[in-house]
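Comments concern the structure below.
The values are calculated or read from the model by the stated rules, or taken from the named source; none is laboratory data. In this text the structure is predicted, and so the values were computed from the model without any measurement. Using ideal geometry, Cβ is built from the backbone for each residue, glycine included, and neighbour counts are taken over all protein chains shown. Please note that ligands, DNA and RNA were not included when accessible areas were found on the heavy atoms of the full protein model with its side chains. Shrake-Rupley method; radii C 1.70, N 1.55, O 1.52, S 1.80 Å.
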Amino acid sequence: MKLVSIANIFSKLLFLMGIVLFIHSPEESKWVNFLMGFFGLGINLLLLGYIHSFLGIAFYQPEFSAIWKSLKDNSLLFFSNLASHISISGGLIVLSFFANAETLGMYSLAERVIMVLRLFPPFIFQAIIPNASRLYTEDLPAFFKFMKRVYKKVLVVGFFISACVHFAAPFIVQVLSRTALEESVLYLKILAIVPFLACLNVANVTMMMAADLRQLLFKASWLMCAFMVILAPVLTGHFGPIGLCFAIISTEIVVFLICLVLLYRHNRTLFYGFYS
């Protein structure tokens, strides 16, 4: 899972570098999705080759019954991820109803940077969930010790990322757009706190998954989605892109609080074991 996380980070960085190097005008925007798919597919094919050649894991044709069983067993995770995707990526759609193309473009520039950096917490989750699940089953005190150690490091790195983006916002916008866009800089500075806020919930999500509390994760994801869908149009309609920025920030804070409440109500052993 660490390899998967590293591969995903590497593909996103290559995608971002590809945009900087090869996309220089609006006419070339059609190649953006191509670059995303090319680097994502290429890196993951290399990863599959490594897994097969060096780890000795053979490929086989799965049975349809196994695929169907996996779909049923993981349906709650699928819809949880769907709700999270809507909450995180739906801001641009909301803004499109209230802003012109120029404003939409300047906001989109800042949002794309933040959404790439916001992938840091999910990558950490992917990397630690196998060991966390094993420790939860075999040694609960060791599980809490492991989670607290990882959580502290994640928060420190998340804070460092957010601080760097906030102070380097003018430089980042200048590199990506090749011009000084003050509005994009402002949006990026406001949204810079999002990666750190997303890190706050890494422990809650990991504990829910390790304890197989998929229903709680499903409930938290859709409550987060409902909050975003209701709040974003209201704030965007009144304050424009600035309002949308604060809607996204508020959503990150609210989903953290929702997960805290759900853990407290349904599994106090986890809640007190980690937060005490």
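General remarks:
- Scan of the stretch 36-86 for residues that are in contact (Cβ under 8 Å) with a residue 12 or more places away in the chain, among the hydroxyl-bearing types (Ser, Thr, Tyr) and farther than 30 Å from Gln215 by Cβ, ordered by number: Tyr50
- Every pair of residues 6+ apart whose Cβ atoms lie under 9 Å, when the first sits in the stretch 93-109 and is closer than 15 Å to Ile172 by Cα and among the aromatic types (Phe, Trp, Tyr) while the second is in a helix (DSSP H, G or I) and open to solvent by 40 Å² or more (accessible area, probe 1.4 Å): Tyr107/Leu92; Tyr107/Glu183
- Among residues of the stretch 136-189, those that are closer than 30 Å to Phe239 by Cβ and of a type outside the set (Lys, Arg), counted: 31
- Exactly one residue among Ala169, Ala192, Ala198 is modelled with pLDDT of 90 or more, surrounded by 20 or more Cβ atoms within 10 Å (Cβ to Cβ), closer than 22 Å to Tyr275 by Cα and of a type in the set (Gly, Ala, Ser), and that residue is Ala198.
- Members of the stretch 207-231 that are within 14 Å of the chain's Cα centre (by Cα) and either modelled with pLDDT of 90 or more or among the aliphatic types (A, V, I, L, M) (or both): Met224
- Within the stretch 57-72, restricting attention to residues that are among the polar types (S, T, N, Q) and assigned to a helix (DSSP H, G or I), the residue that is surrounded by the fewest Cβ atoms within 10 Å (Cβ to Cβ) is Ser65.
- Qualifying residue in the stretch 131-143 (condition: open to solvent by 30 Å² or more (accessible area, probe 1.4 Å), under 21 Å from the mean Cα position of the chain (by Cα) and under 16 Å from Ala198 (Cα atoms)): no
- Qualifying residues in the stretch 1-56 (those that are open to solvent by less than 60 Å² (accessible area, probe 1.4 Å), in a helix (DSSP H, G or I) and among the hydroxyl-bearing types (Ser, Thr, Tyr)) - the one farthest from Gln126 (Cα to Cα): Ser11
- Condition check for Ile161: assigned to a helix (DSSP H, G or I), touching a Pro at 6+ places or on another chain (Cβ under 6 Å) and not acidic (Asp, Glu): yes
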